[in-house]
Amino acid sequence: MDNFLEALRQQFSAEQIQKGQELLEDLLDIVNQNGEAGYIAGNLYYQLMTDELQKFVDENEGNVDE
């Protein structure tokens, strides 16, 4: 997680990161209010973002074969 946060800081401004955090909070509010559908949506979102975040970290650390 620390690697990911550092990669974000290098690529985005503090304002952009704050906006992203606010959007995540909104998403969590929606997921937490929708019972089973929210649970499924939350898990799907988590899986998608886990894959995307790992790809982002790998690219920023130079772990991707060109």
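The values are calculated or read from the model by the stated rules, or taken from the named source; none is laboratory data. No experiment lies behind these values; they were computed from the predicted model shown. Positions of Cβ are backbone-derived with ideal geometry, glycine not excepted, and every protein chain shown enters the neighbour counts. Please note that ligands, DNA and RNA were not included when accessible areas were found on the heavy atoms of the full protein model with its side chains. Shrake-Rupley method; radii C 1.70, N 1.55, O 1.52, S 1.80 Å.
A few notes on this one:
Listed here are the residues, each with its yes/no results for (1) open to solvent by 90 Å² or more (accessible area, probe 1.4 Å); (2) among the acidic types (Asp, Glu); (3) at pLDDT below 80.
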{"position": "Gln10", "(1), (2), (3)": "yes, no, no"}
{"position": "Gly20", "(1), (2), (3)": "no, no, no"}
{"position": "Leu28", "(1), (2), (3)": "no, no, yes"}
{"position": "Leu48", "(1), (2), (3)": "yes, no, yes"}
{"position": "Lys55", "(1), (2), (3)": "yes, no, no"}
{"position": "Asp65", "(1), (2), (3)": "yes, yes, yes"}
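- Of all residue pairs spaced 6 or more apart or on separate chains, those with beta-carbon atoms under 7 Å, a first member in the stretch 38-63 that is free of Cβ contacts under 8 Å to residues at least 40 places away in the same chain and a second member that is open to solvent by 80 Å² or more (accessible area, probe 1.4 Å) and of a type in the set (A, V, I, L, M, F, W, C) are Gly38/Ile30.
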